[in-house]
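Data block below; observations after.
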Amino acid sequence: MRIRWRYMFWGWVFLSCTTLITIFTVLREVDLVSGVETLHQSFRQTLQNTDILKGINLIGGQEGWFSDHENASGYDQWILSNRRQKHHWEAKPLNREKTSRHMPAWQRFFDDITRDQMYSRNAGYMSALLKELVKTEIKSVALYHGGSQLKLQVRLADGNYAMLKPMRNPRKFVYGYNEDQPFWLDIERHNAEVAAFHLDRILNFRRSPPCAGRVINMSRDIMEKTIDKELLNTFFTNGINHCFTGKCAPWFCNKDYPVCGKGEMLEVSMCQFLPNYKSDEDPVMDKPYPWSHGVREAAVWMDQNICEDLLHNTANAEGRFFLDLIEQSIFDFLIRNYDRHHFHMLRQFGTKGFVVVLDNGKGFGNPYTDDPSLLAPLAQCCIIRQSTYRYLDKLHRNKRERLSDHMRIVLSQDAIAPVLTEAHLEALDRRLAIVIETVRDCIHLHGSRRVLVEHLQIPVSENTGRTET
């Protein structure tokens, strides 16, 4: 009897400890998630307490670090395990013997990619490429397995490949970014991809693949052009409307929120695929984004300025990618995009190349409020290319041709115009003013020579006696 009571006692202790641990874990997760809501605040205080580098050349010291990307939320864990998967296609090699005049526009685009840009400033083929994405017959369709959202990979009759994202919400739908609508549950918008490409081009970054809107017939252009049973088995009708759920993360692909057209017709975005690297490798490599809005990562960079730690790792100051990240933060702030868990670079150029601006479908969700936390890289580092700032400032000061005016004109020519609502266009002007104000605050604190640069420079090493730029 005494032995039985002893086992019962220790069993009760074990059960109590297990329960307490479970409760603590749940509370910790809730605390981390609720902590995300504190991200939406001004970076003025950060700027006032910033003393990153006394001179732009004073980079050295211990190896830096990247924050832990094993996030607590189930969404972030899903993202981590489904970041990118290899494409089930292989781009045709370029025929160098042909003159560019006789090349398809997509091959001329491939040929135009360099270490510093996705396409040249005066890409004469761009109009033709966008038109081909809209008009060329679709030959085959399949689910694209990679990322959390619903995407289809499309092969066109001219041999080109494109990424198709379907319309899921009306233009006027406003995402809350609050407790009821957290940013990680935001569903991608097809029109955001189209608008993001044109914004990238207007800002003269030229790092986003070409993208155009298109209206397709779901029966003729998808159901009759695919042998993907995982996709076909998800089609159904809702009254006169054709619908499908596809297959992706369960938060975004389910019967409670299907993709439905108007009858058989559906708006989509068609974004250009990039050429494979060495025919068998994904052209894009991913690196963890230090200022990710993932739950744990954000808790790190919101509590302290991480810029100095990053730049103490000299590898982060080589090439152009760090200054590209500053500009990417400006881009994400303008479109209000929280979905930047990783940043992307072309594998063929490595860290010497430019940062590729991919997956912008979560942008343009709420035009009525702004989130300065998306400007964290700029506000913490107080570094920006002088040429970029001068150009942005010119756009800001020109009241007769504002950023919104440029976007309105360009987007009016797209097949799914109007691509953005007036509220979103007006938000671009308002947010651009905040960007300019943030840079001016940095200049006031550190001086223009310290803030406005064209490249980062590592000092001469005592060991190697060489200088890297």
Give me the accessible area of Ser208, 1.4 Å probe, in Å² rounded to the nearest 10. 10 Å²
Over segment 316-447, with the other protein chains present, what is the accessible area per residue in square angstrom, probe 1.4 angstrom? 33 Å²
Can you work out the PRE-style zone for Arg115? Point 7 Å along Cα to Cβ, and I want the residues of segment 340-369 with backbone N under 11 Å. 349-354
Using the Kirkwood radius over Cα pairs, work out the Stokes-Einstein diffusion coefficient for segment 182-257 at 10 °C and 1.306 mPa s, in µm²/s as a whole number. 106 µm²/s
Do any of Lys135/Lys247; Lys135/Lys165; Lys131/Lys362; Lys229/Lys255; Lys172/Lys247 go past 20 Å between their Cα atoms, and which? Lys135/Lys247; Lys131/Lys362; Lys172/Lys247
Quick calc: nm separation of the 7 Å Cα→Cβ label points for Asp286 and Asn178 -> 3.1 nm
Among 281-287, 437-443, what's the highest-first ranking by average C-beta atoms within 10 angstrom per residue? 437-443, 281-287
Separation between the Asn169 and Ala417 pseudo-spin-labels, each 7 Å from Cα along Cα→Cβ, expressed in nm? 2.5 nm
Ranked order, Lys352, Lys225, Lys165 - accessible area, probe 1.4 Å, largest first: Lys352, Lys225, Lys165
Compute the accessible area per residue over segment 117-159, keeping the other protein chains in place, probe 1.4 Å, unit Å². 38 Å²
How much of the accessible area of segment 148-203, in percent, comes from carbon and sulfur atoms when a 1.4 Å probe is used? 50 percent
State, as an integer percentage, the relative contact order of segment 264-361 based on alpha-carbon contacts under 8 Å between residues 6 or more apart. 35 percent
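The values are calculated or read from the model by the stated rules, or taken from the named source; none is laboratory data. Every value quoted in this text rests on a predicted model; they were computed, and no experiment measured them. Backbone-built Cβ (ideal geometry, glycine too); neighbour counts: all protein chains shown. Ligands, DNA and RNA are excluded from the accessible area calculation, which covers all protein heavy atoms including side chains. Shrake-Rupley method; radii C 1.70, N 1.55, O 1.52, S 1.80 Å.
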